[in-house]
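Report on the following structure.
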Amino acid sequence: MTHKTGQDLIEEAKQQIEQVTPEQVRDMQGRNERVVYLDVREPNEWNLGHLPHAVHLPRGNLEGKVEGLIDRNQKVVIYCARGNRSALAALTMKQMGYDNVSSMARGIQGWAEIDGEIVD
């Protein structure tokens, strides 16, 4: 049996999900769209700053807790540091029946590069 690397899994996930850019997320915020911004980074990363009004749920807790936090009908944009964990999380949520979910490409790093607002 051929084994896949972590990078293989990330690339496969990115091919199966929708990705949005930080610029598109900024536009969504500018239009006051009803979107749940889901931060799947670890607590120490979250504490360094996050998108305004984001919901925090570390990637390792996603499957067990997301259904209690986010309704399947809501629009969700998931982000992490660089867009890899969020891609895996978006695929997981898609498999769980969340139809309107996407991953923010480049993660919070890309958000910071476009001077997106970061709150404590």
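Starting from residues that are assigned to a strand (DSSP E or B) and hydrophobic (A, V, I, L, M, F, W, C), keep the ones in segment 39-76 and report whichever is surrounded by the most Cβ atoms within 10 Å (Cβ to Cβ).
Among them, the one singled out is V76.
So, in segment 77-120, exactly how many residues are of a type in the set (S, T, N, Q), without any contact (Cβ under 8 Å) to a residue 40 or more places away in the chain and closer than 12 Å to I17 by Cβ?
3
Out of segment 77-120, which residues are outside any loop (DSSP other than H, G, I, E, B), basic (K, R) and surrounded by fewer than 23 Cβ atoms within 10 Å (Cβ to Cβ)?
K94
Pick from segment 1-38 the residues that are part of a helix (DSSP H, G or I) and among the charged types (D, E, K, R): which of them is farthest from the chain's Cα centre (by Cα)?
Ranking the qualifying residues of segment 1-38, first place goes to D8.
Within segment 48-75, track down each residue that is touching a helix residue (DSSP H, G or I) at 6+ places or on another chain (Cβ under 8 Å) and closer than 23 Å to I114 by Cβ.
G49, H50, L51, P52, V55, H56
Exactly one condition in (1) in contact with a helix residue (DSSP H, G or I) (Cβ under 7 Å, 6 or more places away or on another chain); (2) within 21 Å of V119 (Cα to Cα) is not met by E45; state its number.
Against the list (1) in contact with a helix residue (DSSP H, G or I) (Cβ under 7 Å, 6 or more places away or on another chain); (2) within 21 Å of V119 (Cα to Cα), E45 comes up short only on (1).
Given the conditions (1) closer than 17 Å to P22 by Cα; (2) without any contact (Cβ under 8 Å) to a residue 12 or more places away in the chain, and given that G68 satisfies all but one, which numbered condition is not satisfied?
Of everything listed in (1) closer than 17 Å to P22 by Cα; (2) without any contact (Cβ under 8 Å) to a residue 12 or more places away in the chain, G68 misses just condition (1).
Report, ordered by the first and then the second residue, all pairs with beta carbons closer than 9 Å, sequence separation of six or more or different chains, a first member in segment 51-65 that is closer than 19 Å to G97 by Cα and without any contact (Cβ under 8 Å) to a residue 60 or more places away in the chain, and a second member that is among the small types (G, A, S) and surrounded by 19 or more Cβ atoms within 10 Å (Cβ to Cβ).
Close Cβ pairs satisfying both conditions: L57/A89; R59/S86; R59/A89; L62/A89.
We did not get these values from a lab; they are worked out from the coordinates using the rules stated. Everything numeric here is computed off the predicted structure, so don't read it as measured data. Counting neighbours? That spans all protein chains shown, and the Cβs are built from the backbone with ideal geometry, glycine included.
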